[in-house]
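Nothing in this text is a laboratory measurement; each read-out follows from the coordinates by a stated rule. These figures come from a predicted structure and were not determined experimentally. In this analysis, Cβ positions are derived from the backbone assuming ideal geometry, glycine residues included, and neighbour counts consider all displayed protein chains.
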Amino acid sequence: MNKWIDLEERHGSGAYGGWPITLVRGEGSRIWDTDGNKYLDFATGIGVASIGHGNPSLQQAVSDQAGLLMAAHNGYYSNDIRAQFLEKLISIAPEGLERVFLCNSGTEAVEGAIKLARAHTGRTQIVAAMRSFHGRTLGSLSATWNKTLREPFEPLVPGFTHVPFGNKEVLAEAINEETAAIILEPVQGEGGVYPAPKGYLHEARRLCDEQGAMLILDEVQSGGGRTGKWFACEHDDVLPDVLTVAKGLGGGLPIGAVIMRGHVGFEKKQHGSTFGGNPLSCRAGLAVIQFIEENDLLGRVVDLGAFFLHSLAELAEEKPDTIREARGLGLMLALQLKHSVGPILAKLRDSGVLALTAGRTNIRFLPPFTVTSDEVEQVINTVRDVL
Ligand SMILES: Cc1ncc(COP(=O)(O)O)c(C=O)c1O
């Protein structure tokens, strides 16, 4: 154990721990530890370093803004950078989404969406999906499915029910005139990287319209370009009332956003956040979106995502005794094994590849959008060797 791990073990809250390595530097898809070992980073801080580590454009933007202004609270002042970021976010959001509440994380975005749905409809009930993950604060945790995460903190926020993801009939039975919102991930991330089956999001939209409820799509993980479109709901052409996004949006700086339809919004002082919309994060968000646009990274995500998924599927055919299937959309991919992935992830790391879990049996890959086909091939070869 090195001294950094020792210090973190000693002074951390206990919520995290058991770290194998200490990461100190990154460049593009590569990341280094304190011993100088180099890794291909297909975890990117759980989908955060979307345009690669140490991206010079992002670095310049953040450094410029740090010297100009970092604090200008939304509740008291306007700010030029925040205004430009809001305009930019709306320009990439599906048409019909016109307003944004800025915050600092995924869970905070989901909290905002839940509050918005309750305030807007005057109703309390929320329908969520089994296998969902929406965050760990009490509201978003109430929408999260995993009982192990929920039970120590009960009683949670009342009014949440969970239905099997992808089953239209059960969804129809669960929604009624007391439902404030249905909340779904277009691609379930933490639950195992499961894209919504064709037609499911459309049905959720139709049911919400029929019952006067709101459709919240949680794109904290799938949004911001990760699936090859700015938002995964665009693959199905479904417009939510509220869209949540975070993770990759700031390329490393904390940003969350609740993006909503034009006729939806908070009343004055109904919601707020001290750090939400701070000029530094907004400048980072602007730089990330501009970099993705200028370098056609969405196109790259589509092409490399297809290549990566195809290669994973070939691997699955090669090793039917070990691999159940390859799944995902764009550069949000998983290889589901027939056994627990813990030891495999450790071996991958020791072989120079960082990946993630998603549930017990999935290896999840969230590489930066700047990843190259050589790097994808290298990872495929390492996974093959390790398996
Ligand atoms: C779909 C989804 N919603 C919400 C969250 C919570 O985000 P955060 O960890 O930034 O609070 C996550 C995190 O993994 C997520 O994947």
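Summary table
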| read-out | value |
| --- | --- |
| Calculated from backbone phi, Karplus (6.51, -1.76, 1.60) coupling profile of region 12-27 in Hz, x at Gly/Pro | x, 6, x, 5, 10, x, x, 5, x, 9, 10, 8, 10, 7, x, 8 |
| Share antiparallel - DSSP beta bridges, region 57-294, percent rounded to 5 | 45 |
| Packing-based exposure ordering (other Cβ within 10 Å, fewest first) of Leu217, Leu171, Leu58 | Leu171, Leu58, Leu217 |
| Integer Hz, Karplus 6.51/-1.76/1.60 couplings in order for region 256-270, x for Gly and Pro | x, 9, 10, 9, 9, 5, x, 8, 9, x, 7, 7, 3, 6, 6 |
| Eligible aspartates and glutamates near Lys269 by straight Cα distance, threshold 18 Å, same-chain separation 8 or greater | Glu108, Glu111 |
| Cleavage-rule hits, chymotrypsin sites (Phe, Trp or Tyr not before Pro), region 10-97, DSSP coil, Cβ neighbours within 10 Å at most 11 | Tyr16, Tyr76, Tyr77 |
| Mean Cβ count within 10 Å, highest first, over the residues of peptides 184-197, 155-168 | 184-197, 155-168 |
| Compactness of region 57-294 as Cα Rg over 2.2 N^0.38 Å, two decimals | 0.98 |
| Amide H contacts under 5 Å for Thr144, placed H, 5+ residues apart | His134 |
| Region 188-280: Rg to Rh, with Rh as the Kirkwood radius over Cα pairs | 0.99 |
| DSSP H segments from the chain that extend 30 Å or more along their own axis, Cα-based, with Kyte-Doolittle mean of -0.5 or above | 297-318 |
| Cut-off under 5 Å, modelled amide H: who pairs with Met214 long-range | Ala181, Ile182 |
| Cα shape, region 239-300, gyration tensor, a/c 1.5 rule | oblate |
| Cβ-placed point charges (K, R +1; D, E -1), dipole of the chain about Cα centre in debye, nearest 20 | 720 |
| Likely footprinting exposure, Asp64, Asp241, fewest C-beta neighbours within 10 Å first | Asp64, Asp241 |
| Cleavage-rule hits (trypsin sites (Lys or Arg not before Pro)) in region 278-387: DSSP loop, at most 16 neighbouring Cβ within 10 angstrom | Lys338, Arg360 |
| Dipole-positive endmost among Ala181, Met130, Asn79 within region 57-294 (Cβ charges, Cα centre) | Asn79 |
| Length-normalised contact order of the chain in % [C-alpha pairs under 8 Å, at least 6 apart] | 22 |
| Residues His235, His11, His310, His134 arranged by fewest to most Cβ contacts within 10 Å | His11, His310, His235, His134 |
| Those trypsin sites (Lys or Arg not before Pro) in region 237-274 that DSSP places in a loop and that have at most 13 other beta carbons within 10 Å | Lys268, Lys269 |
